[in-house]
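To keep things clear, I will list the structure first and then write my remarks on it.
The values are calculated or read from the model by the stated rules, or taken from the named source; none is laboratory data. Just so it is clear, the structure is predicted and the values come from calculations on it, not from any experiment. Positions of Cβ are backbone-derived with ideal geometry, glycine not excepted, and every protein chain shown enters the neighbour counts.
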Protein chains: 2
Amino acid sequence: MSASTSELASRVRGPVHVIGAGLLGASVGLGLRERGVDVTLEDLSPTSVALAADYGAGRARAESDPEPALVVVATPPDVTADAIERALIRFPNSVVTDVASVKLAPFEELTRRGLDLTNYVGSHPMAGRERGGAIMARADLFVARPWIICRDHETPAEALALIEAVALDLGSTPLEMTPQEHDRAVSLVSHLPQVVSSLLAARLVPATDQAIGLAGQGLRDTTRIASSDPELWVQILGANRRPVIEVLEAFQSDVAAFADALRDPEQQGAKRRIADLLSAGNRGVARIPGKHGTSERFAKITVLVDDRPGELARLLTELGELGINMEDLRLEHSPGAQIGFAEIAVLPEVAERAVADLVERGWRTL
Amino acid sequence: MSASTSELASRVRGPVHVIGAGLLGASVGLGLRERGVDVTLEDLSPTSVALAADYGAGRARAESDPEPALVVVATPPDVTADAIERALIRFPNSVVTDVASVKLAPFEELTRRGLDLTNYVGSHPMAGRERGGAIMARADLFVARPWIICRDHETPAEALALIEAVALDLGSTPLEMTPQEHDRAVSLVSHLPQVVSSLLAARLVPATDQAIGLAGQGLRDTTRIASSDPELWVQILGANRRPVIEVLEAFQSDVAAFADALRDPEQQGAKRRIADLLSAGNRGVARIPGKHGTSERFAKITVLVDDRPGELARLLTELGELGINMEDLRLEHSPGAQIGFAEIAVLPEVAERAVADLVERGWRTL
């Protein structure tokens, strides 16, 4: 990514107008401004606009500004449809997109209102942070993330090209899906894990300190996203309720089947049903792409690292000196321990040599 | 930890006898041998004994060997009670412990059989690896992990001291609990997360490639432990079925309540019930100790790292040069991306300076 070229700048005359100066809107503004695009900002809160402008995400829109080439609606999910409608009416010649994380509900709502949606192309950059607001905005927020674009057969090629140019300018990967495909996909890979993680973590509220004290890495990993913002998720889950209910019901029925088999272990085939569900988990996790998900392709080396500054850097530097490419890294600490573990994924063919070389240099491996 | 001193060696005359030469048994053997303790091994499979002995975990027990000072039963969970019974009968003057991950079921079974359990003290070192077997064994497997010891009022002080000495020799932290407390605690912090993660991952089996392609870090974290060994977990969950069923039922009832509220959003208080469950998740995850769990104590800095050898080492080295102590580190990669993110936890008071210094050195932060 170089800040000197822009896919978008060559395609648009007039500013890009961003409605909603929170985390996503301000990040879009910051990223496009870095590419030399003129960005105007609008928000119900004048403070938010001023703050985002101070951060360099754009400038407040003036009466004298020309109609924007593109409007990006980046409001909270529950007012997205209203904001899109107002933008389409106010700027009849602009292409309008939104970045909400649910795509069918606003589209259906706008259709129900009888609006001409030719100039509207919904989209969803799969990026975010645990906390929102313009203060958290970053020009690089969308780098290397999928940016889903929901076109239909009426979408003009030039409108589609505009949204793709925004996605590419911001460093993300544009992907086309229908709103239905998108909502079903995120209900499974994003919304279900959120609900499951939150409800699992909720079970820890009444636990004894003694029990919590035994928590290991498995519990930490499964509950990390349970720290997400409840208010935002009430809106997201409400807007995508049909697909979410469907995957939640399938999950709930698996939980019930599992508990049933456990409740009556002498029942014919009970142990087999438990084993089958656990094995299905093995197969499911193996399907996830990316470095963690393809862990079967890599061998893992676990190295003990003293919990003091510079030790991990020294380990990684020595790995580099040994010519060993690290495919992935996980750290694990136990509470109160003066030592941690670095789990390093490497290609299987170099694992044995890596361990031998590290041990020779005085590292302890598990 | 220094290999030159042993808590145990000063207390025992005669060898420590390990029954079951798999991951845990061989690791106990390796660790104690490093402390100069004489370790004898036994397994239903002569090959396993020979292999563990080759790795340095001990020697096969000979007829002429004296009665062991301590017997450690490290068999699969479903034969633990049988192995403990045989050991108590064969070695009436030895202290006998086991390392199974469920504590009440073997104790009840042995009581039912009318055995004198004065010399038996159950224990559970909370350590393991995704794959088992003596090949995976390590002397350091138990370092910095809790080692739960289930004494009762009849347990002789000397027997308890022996097990504590083993735990300390192996680098772990001894903790006393009743079998009931232990089983209830692990049902919540270990067994429930395993079942939930497996069932969540199982939902990915029928998913489209398109949906799986949108998987992010949240899904990866929540499903990582779903790659655990089904056969082992069928035994563990079966042996701890009562507490597991109880937490699973509470979890299932939360899932049902959540789906209900989502199904009928116009119902009085439906949105509030969803928000309350998500907020309980916030509170639950905040209770988890350790560096990840106490993330609110730390500020997070996200740095973009090119996906090429040495870049992460360079980043960590520079952090060291800047005098910034890293409290935790997470890596995140997107499939196909040439860039990754390193999320670094630091003390809040140094975060601003750390970002400024890193940016000055040419790093990009999010």
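Points to keep in mind about this one:
- Residues within segment B:26-44 that are over 15 Å from A:Leu366 (Cα atoms), in contact (Cβ under 8 Å) with a residue 40 or more places away in the chain and hydrophobic (A, V, I, L, M, F, W, C), tallied: 2
- In segment A:232-242, residue surrounded by the fewest Cβ atoms within 10 Å (Cβ to Cβ) [restricted to those that are under 19 Å from B:Gln267 (Cα atoms) and more than 7 Å from chain B (Cβ to nearest Cβ)]: A:Arg242
- Residue in segment B:52-70 that is touching a residue at least 60 places away in the same chain (Cβ under 8 Å) and in contact with a His (Cβ under 9 Å, 6 or more places away or on another chain) present: yes
- Test: residue in segment A:347-357 that is on the phi < 0 side of the Ramachandran plot, modelled with pLDDT of 85 or more and in contact with a helix residue (DSSP H, G or I) (Cβ under 7 Å, 6 or more places away or on another chain): no
- Conditions (1) free of Cβ contacts under 8 Å to residues at least 60 places away in the same chain; (2) under 18 Å from B:Val99 (Cβ atoms); (3) of a type in the set (Val, Ile, Thr); number of the one not met by B:Thr47: (2)
- Taking every residue in segment A:261-281 that is over 24 Å from B:Leu204 (Cβ atoms) and pairing it with any residue that is among the aliphatic types (A, V, I, L, M) and outside any helix (DSSP H, G or I), at least 6 positions away or on another chain, yields no pair with a Cβ-Cβ distance below 6 Å.
- Count of residues meeting criterion [at the interface with chain B (Cβ under 7 Å from one of its Cβ atoms) and not hydroxyl-bearing (Ser, Thr, Tyr)] in segment A:244-282: 24
- Of all residues in segment A:87-137, those satisfying the criterion of being in contact (Cβ under 8 Å) with a residue 60 or more places away in the chain and among the charged types (D, E, K, R) are A:Lys103, A:Arg129, A:Glu130, A:Arg131.
- In segment A:229-239 there is no residue matching the filter, namely being among the acidic types (Asp, Glu), without any contact (Cβ under 8 Å) to a residue 12 or more places away in the chain and closer than 30 Å to B:Ile245 by Cα.
- Residue in segment B:149-179 that is nearest to the other protein chains (Cβ to nearest Cβ), counting only those that are in a helix (DSSP H, G or I) and closer than 12 Å to B:Gly122 by Cβ: B:Pro179
- Residue match in segment A:282-294 (condition: of a type outside the set (Asp, Glu) and in contact (Cβ under 8 Å) with a residue 60 or more places away in the chain): no
- Wholly enclosed strands (runs of 3 or more DSSP E) of segment A:48-131 bearing at least 1 residues assigned by TED's automatic domain parsing to the domain that holds A:Leu23 and among the β-branched types (Val, Ile, Thr): A:70-73, A:95-98
- In segment A:195-209, the residue that is nearest to A:Thr222 (Cα to Cα) out of those that are part of a helix (DSSP H, G or I) and either among the β-branched types (Val, Ile, Thr) or more than 7 Å from chain B (Cβ to nearest Cβ) (or both) is A:Val196.
Conditions tested, residue by residue: (1) under 30 Å from B:Glu246 (Cα atoms); (2) of a type outside the set (Lys, Arg); (3) at pLDDT below 90; (4) within 28 Å of the chain's Cα centre (by Cα).
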position	(1), (2), (3), (4)
A:Val255	yes, yes, no, yes
A:Leu262	yes, yes, no, no
A:His292	no, yes, yes, yes
A:Leu329	no, yes, yes, yes
A:Glu332	yes, yes, yes, yes
A:Ala342	no, yes, yes, yes
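- Across segment B:217-230, the number of residues qualifying as over 15 Å from A:Thr222 (Cβ atoms) and either among the small types (Gly, Ala, Ser) or more than 7 Å from chain A (Cβ to nearest Cβ) (or both) comes to 1.
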